[in-house]
Amino acid sequence: MLLPELPNAGQPFPQVATAGRPSADQFALAKQRGVGTIVNLCPPGEPAAYDEAALVRELGLQYVNIPVAGAGDLNEANARKLAEALEHAHGVALVHCASSNRVGALFALKAYWLEKKSVDEALAIGRAAGLRAMEPAVRQLIGA
């Protein structure tokens, strides 16, 4: 695993690391380990101890924000935004939210809706990316 120090760290794919919100110092560590793109699923108003966009840009990393406040933002449009961010990522992409649960949910939906994975495959990808408490919402969205 690329970044086991991060909260709820995962690595569902070789070029994708997932986690809960990293500390300011952990972004520098991520850069040292080959991360070139940060995808933040936290809405801009969600409390953080630092200005993530500014910090990430100061480190010279690509920054993408896809606000997912909760189950209401789990939709195909956001799954497509995630797919696009990953497609255009520089180096390894680190995708995070506060705990990695929204990350896992969006990865599961992306796998099901866009990659045409089975329900079981999509849920397995989601769990590898951090899906836990939002699994019932994901199951409802994909008809499982």
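Details
- In the stretch 57-71, the residues that are outside any loop (DSSP other than H, G, I, E, B), of a type outside the set (S, T, N, Q) and over 16 Å from P44 (Cα atoms): E58, A71
- The strands (runs of 3 or more DSSP E) falling completely within the stretch 1-52 that include 2 or more residues that are in contact (Cβ under 8 Å) with a residue 40 or more places away in the chain and in contact with a Pro (Cβ under 9 Å, 6 or more places away or on another chain) map to 16-19, 35-40.
- Tally of residues being at pLDDT below 95, loosely packed, with under 13 Cβ neighbours inside 10 Å and among the hydrophobic types (A, V, I, L, M, F, W, C) across the stretch 34-85: 1
- Some residue of the stretch 99-106 being over 16 Å from N8 (Cβ atoms) and without any contact (Cβ under 8 Å) to a residue 60 or more places away in the chain: no
- Wholly within the stretch 80-144, helices (runs of 4 or more DSSP H) carrying at least 1 residues that are within 14 Å of L41 (Cα to Cα): 101-109
The values are calculated or read from the model by the stated rules, or taken from the named source; none is laboratory data. Bear in mind that the values here come from a model prediction, so they are computed numbers and not experimental data. Methodologically, a virtual Cβ is constructed for each residue, glycine included, from the backbone with ideal geometry; neighbour enumeration extends over all protein chains shown.
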